[in-house]
1. To the nearest 10 degrees, how steeply does helix 68-82 sit against the main Cα axis of the chain, on a 0 to 90 scale?
2. Using Cα atoms only, what is the angle between the long axis of helix 7-21 and the major principal axis of the chain, expressed in degrees (0 to 90) to the nearest 10?
3. Residue-wise, which Karplus ³J(HN,Hα) couplings in Hz belong to segment 61-66, taking 6.51 cos²θ - 1.76 cosθ + 1.60, θ = phi - 60°, and x for glycine or proline?
4. At what distance in angstrom do the alpha carbon centres of segment 61-83 and segment 22-41 lie from each other?
5. What are the extents of the Cα atoms of the chain along their three principal axes, listed from largest to smallest and rounded to whole Å?
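Here, each number is a calculation from the coordinates, and none is a lab measurement. The shown structure was predicted, so the numbers you read here are calculated from the model rather than taken from an experiment.
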Amino acid sequence: MMIGEKEHPEILRMLESEVAAAGFPEKQILQSLLAEAYWNYFAANRWTFYNRTETVNLKEDDVSTWSLGKIMGRMIELFNGSLSAAGNLKKVPLGLMEDILVRGPRPCVPPHPV
């Protein structure tokens, strides 16, 4: 599915409201997804951010008006938030995440101790 320039900010707003309403551990997962979505928006529009000075009349709910510092700060905040309950996250059984996990190939076991 291709996300156009006009749809991306709306999707970000939708994800922001989902993060605000979510509890543990869904909130941490959604924070990571939202940070990644902001990164994708930035990557697709980086020339705009690099050529923009600090925004005076930015709209908090409209990422297309944000400065480079604002979007980077939001991504960092979300990535850090996704790890905010690291101790509790380690206790979540992986079976609960089965629907969203992408499993790689079985790890290679060395033939002898290394």
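1. Approximately 30 degrees, to the nearest 10.
2. 60
3. Once θ is set to phi - 60°, the couplings for segment 61-66 become 9, 10, 4, 5, 9, 6 Hz.
4. When both Cα centres are located, 11 Å separates them.
5. 60, 33, 28
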